[in-house]
Amino acid sequence: AQSVTQPDIHITVSEGASLELRCNYSYGATPYLFWYVQSPGQGLQLLLKYFSGDTLVQGIKGFEAEFKRSQSSFNLRKPSVHWSDAAEYFCAVGDGGGSNYKLTFGKGTLLTVNP
Amino acid sequence: DAGITQSPRHKVTETGTPVTLRCHQTENHRYMYWYRQDPGHGLRLIHYSYGVKDTDKGEVSDGYSVSRSKTEDFLLTLESATSSQTSVYFCAISEPAGVKAEAFFGQGTRLTVV
């Protein structure tokens, strides 16, 4: 079964600083990878996804992520963080063919942005 | 935003009572999911459906049942609610093209069992 690990439970950065959130996955075949963001009291919003092709993918709100098969990683990055980026971030892997397609999520990384 | 509506948005219920949460979609997506979100656990899959009357268990299905009689509605039932089922419940939908697709989420239902 697939699994997703987000090693950092909580990260604090200063506004304007760069950001990298880590995600490692365990999956036997070509993974389908996602990053979601959740603001307090809200549902999850898709930031970006990787299915195949270019290993550097661009998402909304200035985020990007890089797929590295050799490291089983899909880290999320942003060059300059804004206060509005404070939220919880979830990495997920999609798996299953036929009738079994589902997403498995990591436990999340809470991002705090200091002024 | 994807057309997903969860009801109710908030509910307080007593231990031992039955509770049903509803997810309604207007996107005609084939797959629907119920997740629960708890601090320190992220989102965990309870049950999912891949078509009308076609459902399967997720990793935390004990104590929950589901039904899907129409494409647009997916119901989650707690037959006899327990305090351990206090959580935020999210419905999601997906339309896999082959074996890949993102999921779109509802706004969540906060359930408190007292």
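The values are calculated or read from the model by the stated rules, or taken from the named source; none is laboratory data. These numbers come from a predicted model, not from an experiment. As a convention, Cβ positions derive from the backbone with ideal geometry for all residues, glycine included, and neighbour counts pool all protein chains shown.
Worth a mention:
- The condition (being within 11 Å of chain A (Cβ to nearest Cβ), under 25 Å from B:Thr15 (Cα atoms) and among the small types (Gly, Ala, Ser)) is satisfied by just one residue among B:Gly106, B:Gly58: B:Gly58.
- Qualifying residue in the stretch A:52-61 (condition: among the β-branched types (Val, Ile, Thr), in contact with a Lys or Arg (Cβ under 8 Å, 6 or more places away or on another chain) and not in a helix (DSSP H, G or I)): yes
- Strands (runs of 3 or more DSSP E) completely within the stretch B:54-114 that count 3 or more residues being under 13 Å from B:Ile4 (Cβ atoms): B:87-94
- Some residue of the stretch A:22-35 being modelled with pLDDT of 95 or more and facing another protein chain (nearest Cβ under 9 Å): yes
- Output for the stretch A:39-62, where each listed residue is crowded, with 16+ Cβ neighbours inside 10 Å and either touching a residue at least 60 places away in the same chain (Cβ under 8 Å) or more than 9 Å from chain B (Cβ to nearest Cβ) (or both): A:Leu47, A:Leu48, A:Tyr50, A:Val57, A:Gly59
- B:Tyr35 being free of Cβ contacts under 8 Å to residues at least 40 places away in the same chain, among the aromatic types (Phe, Trp, Tyr) and in contact with a strand residue (DSSP E or B) (Cβ under 9 Å, 6 or more places away or on another chain): no
- Of the set (1) in contact (Cβ under 8 Å) with a residue 60 or more places away in the chain; (2) on the phi > 0 side of the Ramachandran plot, all apply to B:Lys53 but (1).
- Meets criteria (crowded, with 20+ Cβ neighbours inside 10 Å, more than 24 Å from B:Val88 (Cβ to Cβ), touching a Ser or Thr at 6+ places or on another chain (Cβ under 8 Å) and away from chain B (no Cβ under 11 Å)) for A:Phe67: yes
- Residue satisfying all of: in the stretch B:1-53; assigned to a strand (DSSP E or B) and among the aliphatic types (A, V, I, L, M); nearest to the other protein chains (Cβ to nearest Cβ) among these: B:Leu43
- Enumeration of residues in the stretch A:1-21 that are in a loop (DSSP other than H, G, I, E, B), at pLDDT 95 or above and either surrounded by fewer than 17 Cβ atoms within 10 Å (Cβ to Cβ) or out of contact with any Phe, Trp or Tyr (no Cβ under 8 Å at 6 or more places or on another chain) (or both): A:Pro7, A:Asp8, A:Ile9, A:Glu15, A:Gly16, A:Ala17, A:Ser18
- Test result for A:Ala17, small (Gly, Ala, Ser) and closer than 22 Å to B:Arg36 by Cβ: no
- Residue match in the stretch B:34-52 (condition: over 18 Å from A:Val93 (Cα atoms) and basic (Lys, Arg)): no
- Of all residues in the stretch B:61-97 being among the acidic types (Asp, Glu) and touching a residue at least 60 places away in the same chain (Cβ under 8 Å), the one that is farthest from the other protein chains (Cβ to nearest Cβ): B:Glu79
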